[in-house]
Amino acid sequence: MKLITHATVVTFGDNHRVINDGAIAYDEDKIHAIGTTEELKARFPKAKAKNLNGKLVTPGIVNTHMHLYSTFSRGISLKDAPPENFTQILERLWWRLDKALTKEDLYLTAMIPLMEGVRNGVTTLIDHHASPNYIKGSLSILKDAYRKCGVRGSLCYEISDRDGQEKCNEGFEENAAFIKSLKSDEHDMAAMIGLHASMTLSEESLKRASDLSKELKTGVHIHVAEDQADNVDAINRGYRSVVDRLHKFNLTGPENIFVHCVNCDEHDISTLALTNTNVVHNPRSNMNNAVGCAKLEKMMAEKISVSFGTDGMSASPLVDLWTANILHKHQARDPRKAYGEIWKMFTVNGPKLASKMFKKKIGTIEEGAAPDLVIWDYIPPTPVTADNTLGHLTFGLPFARVNSTICQGKTIMEDGKLTFLGEGEEEEMMAKSRELAAALWERF
């Protein structure tokens, strides 16, 4: 048994509270107790204790949508004129980048953002992968990176018809093979069926994805109405919208993740609400791609479970919480907007999605929950209460340093040092990454 003492414990979750001079008793299986330092020292006198001297402790952070493979795009130069719209961004950057990825690239493109995530307190990360010229076995390589870092993850391969029938078939096969390969006792790894977007998927592929989802009892993870081009394509195919098309193929529902939903109207939002479909908001990515601003307030009012993802911008969605707080106020020209919504998205909805996926309570500090904890080098300069925690989460923690990260009861970063790396290992990985990235840029 391990014991964290003299901490400012911030629990998150439905029953959020703040415990000053708090303590947490945990092992590699679960959190056994929370309370005051005095209470838990009396209950667990033989536990190994760590005195935090007032530092803030939160649950591990959950990122519900990421593209690890985007790592080698950092600093890349396009070989065409700058894209003028979202479709050109796909054609001139992302669809060239993913085709240029080789087997050798995949491990490091995953390791580097996962290490960044650990440094920023991320303990659960749901990824959406694409590498059309190395599909078979790609998810197993990513799984190795997750295992090395000690973080929890969900993986899928992005099925699309844009690269032809053979690649599409391989995408289906990779998803199915990886899902079937996971053992029932692998509590740190999950899988979904990855789909790119409605606009790059045929009727046959959507029917096949729906059937596979039913067969394997696994949800789909798909980009939805990120840009209006996705809706235009659906309309040209005879549907009212992207959501309408996916719904008619039985791809809505509580097991599924719809990413973005920027260009969804009220009818689409009603469909998402009635089917309990999960939505992931990625405000930095949406702003960067100039695709619009999701109707967050309307979605939350309809009780859609919306959470935060990063869409490859970085590993931690904490910056997306900060961004959403500003974006939605600015968009509405109303300083009252979004504050309550972003709190629920970050501290309740994301953790609940992960908890359902991994069949264990995640993203909250309470008895029986997963022992995922973040110790921040943040000694609050003002009082922290259950009512004002969001003020610290929004205006304090995004600019604070993570001291230590604990996932599944194991300390994967301690006092700023990644515990799963040997001496000089990170420097070697970064040097190799620069070499591989430079080679990919030549192929790009």
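The values are calculated or read from the model by the stated rules, or taken from the named source; none is laboratory data. In this text the structure is predicted, and so the values were computed from the model without any measurement. Every residue, glycine among them, receives a Cβ derived from its backbone with ideal geometry; neighbour counts consider all protein chains shown.
Descriptive notes on the structure:
- Residue in region 204-211 that is among the hydroxyl-bearing types (S, T, Y), in the same structural domain as K180 (by TED's automatic domain parsing), surrounded by fewer than 23 Cβ atoms within 10 Å (Cβ to Cβ) and over 27 Å from A191 (Cβ atoms) present: no
- Which numbered condition F420 fails, given (1) assigned by TED's automatic domain parsing to the domain that holds H6; (2) farther than 19 Å from A23 by Cβ; (3) under 23 Å from the mean Cα position of the chain (by Cα); (4) assigned to a loop (DSSP other than H, G, I, E, B): (1)
- Taking region 255-331 and the helices (runs of 4 or more DSSP H) fully enclosed by it, no element has 3 or more residues that are of a type in the set (S, T, N, Q) and touching a residue at least 40 places away in the same chain (Cβ under 8 Å).
- Restricting region 37-56 to residues that are exposed (fewer than 15 other Cβ atoms within 10 Å of the Cβ), part of a loop (DSSP other than H, G, I, E, B) and of a type outside the set (K, R), the residue that is nearest to the chain's Cα centre (by Cα): G54
- Any chance K207 is assigned to a helix (DSSP H, G or I), out of contact with any strand residue (DSSP E or B) (no Cβ under 8 Å at 6 or more places or on another chain) and in contact (Cβ under 8 Å) with a residue 40 or more places away in the chain: yes
- Across region 370-417, the qualifying residues are those that are under 19 Å from the mean Cα position of the chain (by Cα) and assigned to a loop (DSSP other than H, G, I, E, B), and the one among them that is nearest to K48 (Cα to Cα) is P371.
- Of the candidates I61, I89, the single residue that is crowded, with 23+ Cβ neighbours inside 10 Å and out of contact with any helix residue (DSSP H, G or I) (no Cβ under 6 Å at 6 or more places or on another chain) is I61.
Let's see how each residue does on (1) buried (at least 21 other Cβ atoms within 10 Å of the Cβ); (2) aromatic (F, W, Y); (3) under 20 Å from A354 (Cβ atoms):
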{"site": "D127", "(1), (2), (3)": "yes, no, yes"}
{"site": "A130", "(1), (2), (3)": "yes, no, no"}
{"site": "S138", "(1), (2), (3)": "yes, no, no"}
{"site": "A145", "(1), (2), (3)": "yes, no, yes"}
{"site": "A176", "(1), (2), (3)": "no, no, no"}
{"site": "S184", "(1), (2), (3)": "no, no, yes"}
{"site": "M189", "(1), (2), (3)": "no, no, yes"}
{"site": "A197", "(1), (2), (3)": "yes, no, no"}
{"site": "S202", "(1), (2), (3)": "no, no, no"}
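- Out of I76, I135, I126, sole residue that is touching a strand residue (DSSP E or B) at 6+ places or on another chain (Cβ under 7 Å), part of a loop (DSSP other than H, G, I, E, B), of a type outside the set (K, R) and in the same structural domain as H187 (by TED's automatic domain parsing): I135
- Test result for N288, assigned by TED's automatic domain parsing to the domain that holds D211, surrounded by fewer than 17 Cβ atoms within 10 Å (Cβ to Cβ), closer than 29 Å to L390 by Cα and touching a Ser or Thr at 6+ places or on another chain (Cβ under 9 Å): no
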